[in-house]
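These notes are about the structure you will find just below.
All of the numbers you see were taken from the coordinates with simple rules; none came from a lab. Predicted model, so just to flag it, every value in this text is computed and none were measured. FYI the Cβ positions are ideal-geometry reconstructions off the backbone, even for glycines, and counts take in every protein chain you see.
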Amino acid sequence: MVKKIFTMISFLFISVSILICSDILSIELLYGELDNISTNIGYQISKSGGITDNLRLYVKKEYDANVYCGMEECGHIKKGDTYIYILEKSFNPVFIYKSNHVIKIERSVIIS
């Protein structure tokens, strides 16, 4: 009898561990995806001198993510300045949280 109870409890712990690990793996994959996207977006921001409406629409359409300026003054950018931008994407976890969460990364590029 005790053996059966411990077996059931161990299956419960194993299933909870698998669910938590799947959420952590999903978060890590999403972070890696955002990091890859930021390389492409950073190049486009550097060439255009900032975030344009076309770039925002492209990021939303192609990657289902949002990009916006991460500085206080985004309008006064000149060649050679460092431009900080934030890329974010929503995440719907399986087990850890019950609501959507947003994963954000902050990157910087030099305007050329």
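A few notes on this one:
- Total formal charge among the other residues, if their Cβ is under 13 angstrom from that of Tyr63, Lys/Arg +1 and Asp/Glu -1: -1
- Dipole of the chain computed with +1 at Lys/Arg Cβ and -1 at Asp/Glu Cβ about the Cα centre; of Ile41, Thr7, Ala65, farthest Cα towards the positive end is Thr7.
- The chain - mean residue ellipticity at 222 nm from DSSP helices (-39,500 (n - 2.57) per run, n ≥ 4, rounded to 500): -18500 deg cm²/dmol
- Using the Cβ-Cβ distance between Ile84 and Leu29 with R0 = 30 Å, the FRET efficiency computed as 1/(1 + (r/R0)^6) comes to roughly 0.75.
- Looking at the stretch 1-66, none of the GluC sites (Glu not before Pro) sits in a DSSP loop with at most 15 other Cβ atoms within 10 Å of its own Cβ.
- Length-normalised contact order of the chain in % [C-alpha pairs under 8 Å, at least 6 apart]: 28 percent
- Potential lengthening between Ser22 and Ser46 on full extension [0.36 nm per residue; Cα-Cα distance subtracted]: 5.1 nm
- The chain: angle of helix 53-63 to the longest principal axis, Cα-based, in degrees nearest 10: 20 degrees
- Cysteines without a disulfide-compatible partner [the chain; Cβ-Cβ under 4.7 Å]: Cys21
- Couplings 3J(HN,Hα) of the stretch 90-107, computed from phi: 7, 9, 10, x, 7, 10, 5, 10, 9, 10, 5, 10, 10, 9, 10, 10, 10, 10 Hz, in residue order, whole Hz [Karplus 6.51 cos²θ - 1.76 cosθ + 1.60, θ = phi - 60°; x for Gly and Pro].
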